[in-house]
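Before any comments, here is the structure.
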Amino acid sequence: MTADPLPAPDPAPSTSAGAGTGTGTSAGSAGRAAAHRGAQSPVYSDRPHRLLKPGVRAVLNRLVMRVDLEGVENVPHGEPLIFAGNHSSWLDGPLVVIEAPRTVRCLVKSEMYTRIVGRMLLFSGQIPIDRGRPDRDALHTALDELSRGGAIGVFPEGTRGSGEMAAVQHGIAYLAVHGRCRVLPVACLNTAQALPKGARWPRRSVRVRVVFGNPFEVEVPANPRSRRALAAVAEDIRVRLLDHLETARATHGGSTV
């Protein structure tokens, strides 16, 4: 499963000088009166996660792979949250969903929704997204989930690569600002080594680390639909995600690739 970012929809242009960069409230607890007026997508029942995930996690971590899980105590419950991780392997998305101590619905490229994989993604509540255009259906589904206090998973680099957080797309900023929620950084380390390109099965000899960081708030711009303002929020998120990635990597070592 590959969890990919949401292209920010075309925002309304700024109507006054400075409206694009000025900030108002924080998008966390202080500003949680959500601005989103969603499409009211169907409510997803997380019963499969609650019933099946502990067993799946045990099999994955003890038999299929060797996974070191860190920072679980940093994950808050009972509030809307965006899990944001680096992306260097196909494993990253499933690991965030399986290892997180709460239900996470990732944005997954629509090409994955075929045959048994597609059925599994839908069963587990993952959200299909068309990466070739601003996908408003995916946008509203994600914002609906946040408005209900749920958690969304995003890999804002866009596609699998070095996982170094050199650049992020602006969709994560749109979700954080309009979903009025905090962002929790996730570092997925050694996943590309555990599942090299072309491999069909993870290498158990490679120890993988999934490190959950401390959630942080983003500033809500005075004009939350300004492209320039969202770009500034996205850059702030990128810097924070990179800081967490570098800290996690320095703590016990590990590579993103």
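May I ask for the distance between the Cα centers of region 195-229 and region 42-65, given as a whole number of Å? Here the two parts' Cα centres lie 20 Å apart. Computed over protein heavy atoms with a 1.4 Å probe, the carbon and sulfur contribution to the accessible area of region 102-252 reaches 50%. In order along region 189-198, the Karplus-derived 3J(HN,Hα) couplings, from 6.51 cos²θ - 1.76 cosθ + 1.60 at θ = phi - 60°, round to 10, 6, 5, 5, 6, 6, 9, x, 4, x Hz, and Gly and Pro are given as x. Paramagnetic label reach from residue 206 (point 7 Å along Cα→Cβ; backbone nitrogen cut-off under 13 Å): within region 48-65, residues 65. Packing around the peptides 188-194, 43-49, taken as the average count of other Cβ atoms within 10 Å per residue, puts them in this order, highest first: 188-194, 43-49. Computed from phi, the 3J(HN,Hα) profile of region 63-68 under the Karplus parametrisation 6.51, -1.76, 1.60 (θ = phi - 60°) reads 10, 7, 9, 10, 10, 9 Hz, with x in place of Gly and Pro.
Summarising the label geometry, the points placed 7 Å from Cα in the beta-carbon direction at residue 47 and residue 231 lie 4.8 nm from one another.
Taking 0.36 nm per residue of sequence separation and removing the Cα-Cα distance, the residue 110/residue 40 pair yields an extension gain of 23.1 nm. Shape class of region 114-177 from the alpha-carbon gyration tensor: oblate, with a/c at 1.5 or above and b/c at least as large as a/b. Taking a ≥ b ≥ c as the square roots of the eigenvalues of the alpha carbon gyration tensor, region 49-89 is oblate, as a/c is not under 1.5 and a/b does not beat b/c. Annotation: extensible slack from residue 73 through residue 167 equals 31.0 nm (criterion: 0.36 nm per residue apart, minus Cα-Cα distance). Using a probe of 1.4 angstrom and keeping all protein chains present, the accessible surface of region 98-152 works out to 44 square angstrom per residue.
The values are calculated or read from the model by the stated rules, or taken from the named source; none is laboratory data. Fair warning: this is a prediction, and the values are worked out from it, not measured in the lab. Don't worry about glycine lacking a Cβ; one is built from the backbone with ideal geometry, like all the others, and counts go over all protein chains shown. Note: areas computed on protein heavy atoms with side chains; ligands, DNA, RNA excluded. Shrake-Rupley method; radii C 1.70, N 1.55, O 1.52, S 1.80 Å.
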